[in-house]
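Q: Structure below; questions to follow.
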Amino acid sequence: MPELPEVVTVCKMLKPEIVNKTIIDFQIFYGKLLQRPSISEFKKKVINQKILNISNFAKYIVIELANDVLISHLRMEGKWIVEDLESFAYPERHLEAQFILNNNKALRYYDTRKFGTLELLSKNEYKNIPPLSKLGPDPTKVNVNAVNFHKIVTKSKRPIKTVLLDQSVLSGLGNIYVNEVLFEAKINPNTPANEISLENCGNILKESSRILKKSIEQGGTSIHSFESAAGVTGNYQNYLKVHGKSGNNCVYCGSKIQKEFVGGRGTYFCPKCQK
DNA sequence: CAGCGTGTTGAGGA
DNA sequence: TTCCTCAACACGCT
């Protein structure tokens, strides 16, 4: 489900519902969700802590508690939702964990495919240890220097699309948006990264920032299973120009959009505009 | 029934 | 050693 704009949307939706609430209990139904610490230690630490803030760090959700920090990654289909204790927005069999809050509501985690993660880290080190420490710059938050970016990108001979999906190079692009970015920058997804010019690196950065920010304004993209909260969906799917559009006419030249696989991921592009 | 998917990691090979 | 590819994770949908 979520790429960066969807994660930002989830944080915005949850913020007014959880900030200043206190966790009074925690239950977990799918043990592999929790990376660290152990379930018993996690429970002991988390109960009675007040929630101070929620924000995204690239595609990770960071929930700041009074003493510690919760880090969650939704991977493909994870969903955090605040619900009344007795109601369930999704099939209960996909409910993996819940924080009971002090207002008779629960902050719940559902995940159909069970790829998502949750961990509790200390406030002073969470940015300096994996997974957050390994992330490259987030183009929606930082003005990435094109010369530095070009130096890093051109170290690899892998297809440029694969390199852009590597979160240690640039954080925030997922498969949907990388298809859109390369289309707007008019770069073939299979181009070896070491052949990308400085100018094109600049274009990639410019389009990444522009497209991700526009999608954030639209509340993200609602395809497959994305819902930022029960019943709330984004609109960016209405702005997609190539992702999922094989056979459609290119909006710039009219050629048929093609699909192929690059690095094992579905890749959509215009064969004429993206030589 | 087979193939596909919004993400990431670890194993194994070059 | 470094770089890279690909299977694996798990499940619903076409």
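Q: Here are the criteria: (1) touching a His at 6+ places or on another chain (Cβ under 8 Å); (2) open to solvent by 30 Å² or more (accessible area, probe 1.4 Å); (3) of a type in the set (A, V, I, L, M, F, W, C). Tell me which single one A:Cys201 does not satisfy.
A: If we test A:Cys201 against (1) touching a His at 6+ places or on another chain (Cβ under 8 Å); (2) open to solvent by 30 Å² or more (accessible area, probe 1.4 Å); (3) of a type in the set (A, V, I, L, M, F, W, C), just (2) comes out false.
Q: While we're looking at this one, here's another question. Just to be sure, is A:Asn194 modelled with pLDDT under 95 and either over 30 Å from A:Phe88 (Cβ atoms) or surrounded by fewer than 16 Cβ atoms within 10 Å (Cβ to Cβ) (or both)?
A: no
Q: When the range A:24-37 is examined, which residues are found to be under 19 Å from A:Leu65 (Cα atoms), more than 16 Å from DNA strand B (Cβ to nearest atom) and open to solvent by 40 Å² or more (accessible area, probe 1.4 Å)?
A: Result: A:Ile24, A:Asp25, A:Gln27.
Q: Additional query: So which pairs qualify, if the first residue must be in the range A:169-192 and farther than 10 Å from A:Leu212 by Cβ and without any contact (Cβ under 8 Å) to a residue 24 or more places away in the chain, the second must be within 15 Å of DNA strand B (Cβ to nearest atom) and open to solvent by less than 20 Å² (accessible area, probe 1.4 Å), the Cβ gap must be under 6 Å, and the two must be at least 6 apart or on different chains?
A: Listed by first residue and then by second, the contacts come to A:Val178/A:Lys161; A:Val178/A:Leu164.
Q: Restricting to the range A:1-23, what's the tally of residues that are in contact with a Leu (Cβ under 7 Å, 6 or more places away or on another chain) and either open to solvent by 60 Å² or more (accessible area, probe 1.4 Å) or small (Gly, Ala, Ser) (or both)?
A: 0
Q: Among the numbered criteria (1) of a type outside the set (Lys, Arg); (2) open to solvent by 70 Å² or more (accessible area, probe 1.4 Å); (3) at pLDDT 95 or above, which one does A:Ile100 miss?
A: Looking at each condition in turn, A:Ile100 falls short on (2).
Q: Within 13 Å of DNA strand B (Cβ to nearest atom), farther than 18 Å from A:Leu173 by Cβ and outside any helix (DSSP H, G or I): which single residue out of A:Ile61, A:Ile51, A:Ile71 fits that description?
A: The conditions single out A:Ile71.
Q: Okay, moving on. If A:Lys79 satisfies all but one of (1) at pLDDT 95 or above; (2) assigned to a strand (DSSP E or B), what's the number of the condition it fails?
A: Failed condition: (1).
Q: Suppose we keep only residues that are farther than 21 Å from A:Arg210 by Cα and assigned to a loop (DSSP other than H, G, I, E, B) within the range A:137-161. Which one would you say is farthest from DNA strand B (Cβ to nearest atom)?
A: A:Thr154
Q: Something else now. Kindly provide the set of residues from the range A:76-97 that are open to solvent by less than 40 Å² (accessible area, probe 1.4 Å) and either in contact with a Cys (Cβ under 8 Å, 6 or more places away or on another chain) or touching a residue at least 60 places away in the same chain (Cβ under 8 Å) (or both), ordered by number.
A: Selection gives A:Glu77, A:Gly78, A:Lys79, A:Trp80, A:Ile81, A:Val82, A:Glu83, A:Leu95, A:Glu96, A:Ala97.
Q: Name, by its number, the condition in (1) more than 12 Å from DNA strand B (Cβ to nearest atom); (2) touching a residue at least 24 places away in the same chain (Cβ under 8 Å) that does not hold for A:Val251.
A: Of everything listed in (1) more than 12 Å from DNA strand B (Cβ to nearest atom); (2) touching a residue at least 24 places away in the same chain (Cβ under 8 Å), A:Val251 misses just condition (2).
Q: Given the condition in the same structural domain as A:Leu34 (by TED's automatic domain parsing), touching a residue at least 12 places away in the same chain (Cβ under 8 Å), within 16 Å of DNA strand C (Cβ to nearest atom) and aliphatic (A, V, I, L, M), answer yes or no: does some residue in the range A:121-129 qualify?
A: No, there is no match, as no residue in the range A:121-129 is in the same structural domain as A:Leu34 (by TED's automatic domain parsing), touching a residue at least 12 places away in the same chain (Cβ under 8 Å), within 16 Å of DNA strand C (Cβ to nearest atom) and aliphatic (A, V, I, L, M).
Q: Which one of these is within 16 Å of DNA strand C (Cβ to nearest atom) and touching a residue at least 24 places away in the same chain (Cβ under 8 Å): A:Pro2, A:Pro37?
A: None of the others qualify; the one that does is A:Pro2.
The values are calculated or read from the model by the stated rules, or taken from the named source; none is laboratory data. Computed from a predicted structure; not experimentally measured. With ideal geometry, Cβ positions are generated from the backbone for all residues, glycine too; neighbour counts draw on all protein chains shown. These area figures cover heavy atoms from the full protein model, side chains too; ligands, DNA and RNA do not enter into them. Shrake-Rupley method; radii C 1.70, N 1.55, O 1.52, S 1.80 Å.
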